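Undergrad: This is the structure I want to talk about, given as structure tokens.
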Amino acid sequence: MSERGALEGYDLIGDVHGCGATLATLLERLGYHQREGVYRHPRRKAIFLGDLIDRGPRIRLAVSIARRMVEAGEALIVLGNHEVNALAYCHRAPAESDREWLREHTPRHNRIVRETLAQYRDHSEEWEQTLAWFLDIPLCLELDGLRVVHACWDQALIDELRRQRPDTRIDLDFLTEAMRPGTRASLILDRLTRGSHLSLPEGIRIHSGDGFTRSSFRAHFWARQPRTWGDVVFQPDNLPDELEARELSAEDRARLSYYGPDQPPLFIGHYWCEGVPALPAPNIACLDYSAVKFGRLVAYRWSGETRLDADCFVWVDVPHEERARAMPQEIDFD
């Protein structure tokens with residue numbers, strides 16, 4: 001790490017999704033400057049919230065910037081579901097399994113990782129090193145005064161994970177177990193990197209404004225006593241009117257976590273918010289503002305406050321050439 005003064009705080013950066021050039025612009029706006037190939041700040045560190053890869057046109061650049069900063073001690077990072085997807089997609093299943101890969105190479109899964117694999121096609125050694133680096137990334141961080149996870153802070157599941165893995169890093173054995181539905185590893189990895197989602201009634205789909213069709217919706221985890229689906233939905237797309245008032249079932253409630261207002265400030269990504277960055281709760285900031293869909297790469301400048309302040313958001317509008325290349329396809333929540 002570069003020689004620096006006292007650390008003033010952290011700059012938390014949302015899902016980059018391959019918008020590498022915009023990431024460089026955001027870091028410069030935050031006061032980071034390249035020295036010896038690494039973006040550095042004299043008094044602050046960055047924290048990346050995962051999902052560096054997929055969709056955008058400068059994936060290798062995004063990964064390179066973040067990795068160099070982390071390895072130089074200028075940044076921290078947590079694992080996102082897209083890094084998990086790539087690891088499982090690129091590693092073979094055990095010989096006794098009924099499938100070839102940990103994440104099956106279905107048309108849907110192929111589409112999700114296609115842009116990443118294309119950009120690394122002529123850099124196979126670099127891709128192998130990148131996959132190895134993903135396995136060195138923790139699932140969550142708990143620092144002095146703040147917490148960071150890609151999608152959902154579920155204390156009971158994090159405690160369970162820490163009993164097995166105090167550093168919250170996964171390995172191929174854990175990943176292999178997590179690809180088996182119904183295992184504890186599957187629940188932990190899914191909740192922390194994908195959050196909770198509730199299935200829509202049979203035959204009902206959400207047709208999103210961005211062209212996606214979905215059979216479930218993303219639910220948040222900071223409503224104290226939610227009663228209806230409308231109390232927990234957290235995504236740009238509204239539910240059909242009659243479903244907003246649908247009562248949460250016992251099964252629905254069992255799928256939900258809860259993060260109370262007395263807990264430390266928490267930073268998450270994952271939920272593709274849109275519009276002007278805002279706080280969903282006084283102690284929670286979501287920093288995924290759909291860089292390759294709706295156009296903002298967002299950071300939060302945290303300097304020790306226990307009550308977050310929307311004035312601490314900093315963002316860069318993503319130029320057209322850094323938006324997603326692929327046309328939207330039918331997809332669930334990868």
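The values are calculated or read from the model by the stated rules, or taken from the named source; none is laboratory data. Predicted, not measured: the structure shown is a model, and the values here were computed from it. Neighbour counts run over all protein chains shown; Cβ positions are idealised from the backbone, glycine included. Heavy atoms of the whole protein, side chains included, go into the accessibility calculation; ligands, DNA and RNA do not. Shrake-Rupley method; radii C 1.70, N 1.55, O 1.52, S 1.80 Å.
Undergrad: Pick from segment 1-28 the residues that are closer than 24 Å to Arg147 by Cα and either aromatic (Phe, Trp, Tyr) or assigned to a helix (DSSP H, G or I) (or both): which of them is most open to solvent (accessible area, probe 1.4 Å)? Please lay out each step first, then the result.
TA: The first filter runs over segment 1-28 and keeps only residues closer than 24 Å to Arg147 by Cα, leaving 1, 4-17, 23, 26-27.
Then keep just the ones that are either aromatic (Phe, Trp, Tyr) or assigned to a helix (DSSP H, G or I) (or both); that gives 10, 23, 26-27.
Working: Tyr10: 35, Leu23: 0, Leu26: 0, Leu27: 0 Å².
Residue satisfying both the conditions and the ranking: Tyr10.
Undergrad: If you check Asp334 against the conditions, is it at pLDDT 90 or above, closer than 27 Å to Gln119 by Cβ, among the acidic types (Asp, Glu) and open to solvent by 10 Å² or more (accessible area, probe 1.4 Å)?
TA: Working: at pLDDT 90 or above: no; closer than 27 Å to Gln119 by Cβ: yes; among the acidic types (Asp, Glu): yes; open to solvent by 10 Å² or more (accessible area, probe 1.4 Å): yes.
No: the conditions fail for Asp334.
Undergrad: Can you go through Leu61, Leu87 and tell me which one is over 24 Å from Ala285 (Cβ atoms), of a type outside the set (Lys, Arg) and open to solvent by 40 Å² or more (accessible area, probe 1.4 Å)?
TA: Numbers: Leu87 fails: open to solvent by 40 Å² or more (accessible area, probe 1.4 Å).
Criteria check complete, one pass: Leu61.
Undergrad: Give the residue, chosen from Arg323, Arg255, Arg246, that is open to solvent by 10 Å² or more (accessible area, probe 1.4 Å), on the phi < 0 side of the Ramachandran plot and either in contact with a helix residue (DSSP H, G or I) (Cβ under 8 Å, 6 or more places away or on another chain) or at pLDDT 95 or above (or both). Reasoning before the result, please.
TA: Details: Arg323 fails: either in contact with a helix residue (DSSP H, G or I) (Cβ under 8 Å, 6 or more places away or on another chain) or at pLDDT 95 or above (or both); Arg255 fails: either in contact with a helix residue (DSSP H, G or I) (Cβ under 8 Å, 6 or more places away or on another chain) or at pLDDT 95 or above (or both).
Being open to solvent by 10 Å² or more (accessible area, probe 1.4 Å), on the phi < 0 side of the Ramachandran plot and either in contact with a helix residue (DSSP H, G or I) (Cβ under 8 Å, 6 or more places away or on another chain) or at pLDDT 95 or above (or both) holds for just one of Arg323, Arg255, Arg246, which is Arg246.
Undergrad: In segment 291-311, which residue that is hydroxyl-bearing (Ser, Thr, Tyr) and in a loop (DSSP other than H, G, I, E, B) is surrounded by the fewest Cβ atoms within 10 Å (Cβ to Cβ)? Walk me through how you get there before you give the answer.
TA: Start the filter on segment 291-311 by keeping residues that are hydroxyl-bearing (Ser, Thr, Tyr), which leaves 300, 303, 306.
From what's left, in a loop (DSSP other than H, G, I, E, B): 303, 306.
Numbers: Ser303: 14, Thr306: 11.
Among those residues, the one meeting the criterion is Thr306.
Undergrad: From the list Leu161, Leu131, Leu139, Leu157, which residue is touching a helix residue (DSSP H, G or I) at 6+ places or on another chain (Cβ under 8 Å), within 23 Å of Trp302 (Cβ to Cβ) and open to solvent by less than 60 Å² (accessible area, probe 1.4 Å)?
TA: Working: Leu161 fails: within 23 Å of Trp302 (Cβ to Cβ); Leu131 fails: within 23 Å of Trp302 (Cβ to Cβ); Leu157 fails: within 23 Å of Trp302 (Cβ to Cβ).
Unique residue meeting the criteria: Leu139.
Undergrad: Given Leu49, Leu61, which one is touching a Phe, Trp or Tyr at 6+ places or on another chain (Cβ under 9 Å), touching a residue at least 40 places away in the same chain (Cβ under 8 Å) and hydrophobic (A, V, I, L, M, F, W, C)? If you could, list the steps in order and put the result at the bottom.
TA: Numbers: Leu61 fails: touching a Phe, Trp or Tyr at 6+ places or on another chain (Cβ under 9 Å).
Exactly one residue qualifies, and that residue is Leu49.
Undergrad: Further question on the same structure: Specify the residue that is nearest to the chain's Cα centre (by Cα); the eligible residues are those in segment 210-243 that are of a type in the set (Gly, Ala, Ser) and either within 19 Å of Ile268 (Cα to Cα) or open to solvent by less than 20 Å² (accessible area, probe 1.4 Å) (or both).
TA: Keep residues of segment 210-243 that are of a type in the set (Gly, Ala, Ser), which gives 211, 215-216, 219, 223, 230.
Within this subset, residues satisfying the condition of being either within 19 Å of Ile268 (Cα to Cα) or open to solvent by less than 20 Å² (accessible area, probe 1.4 Å) (or both) are 216, 219, 223.
On the way: Ser216: 18, Ala219: 15, Ala223: 21 Å.
Only one residue tops the list, namely Ala219.
Undergrad: Further, regarding this structure: Go through (1) assigned to a loop (DSSP other than H, G, I, E, B); (2) open to solvent by 50 Å² or more (accessible area, probe 1.4 Å); (3) modelled with pLDDT of 95 or more; (4) not acidic (Asp, Glu) and name the single condition Arg99 misses.
TA: Among (1) assigned to a loop (DSSP other than H, G, I, E, B); (2) open to solvent by 50 Å² or more (accessible area, probe 1.4 Å); (3) modelled with pLDDT of 95 or more; (4) not acidic (Asp, Glu), Arg99 violates only (3).
Undergrad: If you don't mind, there's one more thing I want to ask. Consider Pro166 carefully, then state whether it is closer than 27 Å to Leu12 by Cα and touching a residue at least 60 places away in the same chain (Cβ under 8 Å). Spell out how you get there, then give the answer.
TA: Details: closer than 27 Å to Leu12 by Cα: yes; touching a residue at least 60 places away in the same chain (Cβ under 8 Å): no.
Answer is no for this residue.
Undergrad: Would you confirm, using the coordinates I've provided, whether Ser199 is open to solvent by 60 Å² or more (accessible area, probe 1.4 Å) and among the polar types (S, T, N, Q)?
TA: Values: open to solvent by 60 Å² or more (accessible area, probe 1.4 Å): yes; among the polar types (S, T, N, Q): yes.
In short, yes.
Undergrad: Now for a different question. Among the numbered criteria (1) at pLDDT below 95; (2) closer than 29 Å to Ser257 by Cβ, which one does Arg111 miss?
TA: (2)
Undergrad: Right, here's the next one. Within the set of pairs 6+ apart or on separate chains, which have a first residue in segment 27-42 that is more than 17 Å from Leu7 (Cα to Cα), a second that is of a type in the set (Val, Ile, Thr) and open to solvent by less than 20 Å² (accessible area, probe 1.4 Å), and C-beta atoms under 7 Å apart?
TA: Arg29/Val316
Undergrad: Given the structure, is Ala72 over 23 Å from Trp272 (Cα atoms) and surrounded by 15 or more Cβ atoms within 10 Å (Cβ to Cβ)? Don't jump to the end; show me each part of the working.
TA: Numbers: over 23 Å from Trp272 (Cα atoms): yes; surrounded by 15 or more Cβ atoms within 10 Å (Cβ to Cβ): yes.
Yes, satisfied.
Undergrad: Against the condition out of contact with any Pro (no Cβ under 9 Å at 6 or more places or on another chain) and in a loop (DSSP other than H, G, I, E, B), how does Arg111 come out, does it pass?
TA: Numbers: out of contact with any Pro (no Cβ under 9 Å at 6 or more places or on another chain): yes; in a loop (DSSP other than H, G, I, E, B): no.
No, not satisfied.
Undergrad: Given (1) out of contact with any Cys (no Cβ under 7 Å at 6 or more places or on another chain); (2) under 23 Å from Arg111 (Cα atoms), identify the lone condition not met by Arg58.
TA: Checking Arg58 against (1) out of contact with any Cys (no Cβ under 7 Å at 6 or more places or on another chain); (2) under 23 Å from Arg111 (Cα atoms), the one that fails is (1).
Undergrad: Also: All but one of (1) under 23 Å from Glu177 (Cβ atoms); (2) over 16 Å from the mean Cα position of the chain (by Cα); (3) in contact (Cβ under 8 Å) with a residue 60 or more places away in the chain; (4) buried (at least 17 other Cβ atoms within 10 Å of the Cβ) hold for Tyr120; which doesn't?
TA: In the conditions (1) under 23 Å from Glu177 (Cβ atoms); (2) over 16 Å from the mean Cα position of the chain (by Cα); (3) in contact (Cβ under 8 Å) with a residue 60 or more places away in the chain; (4) buried (at least 17 other Cβ atoms within 10 Å of the Cβ), Tyr120 misses (1) alone.
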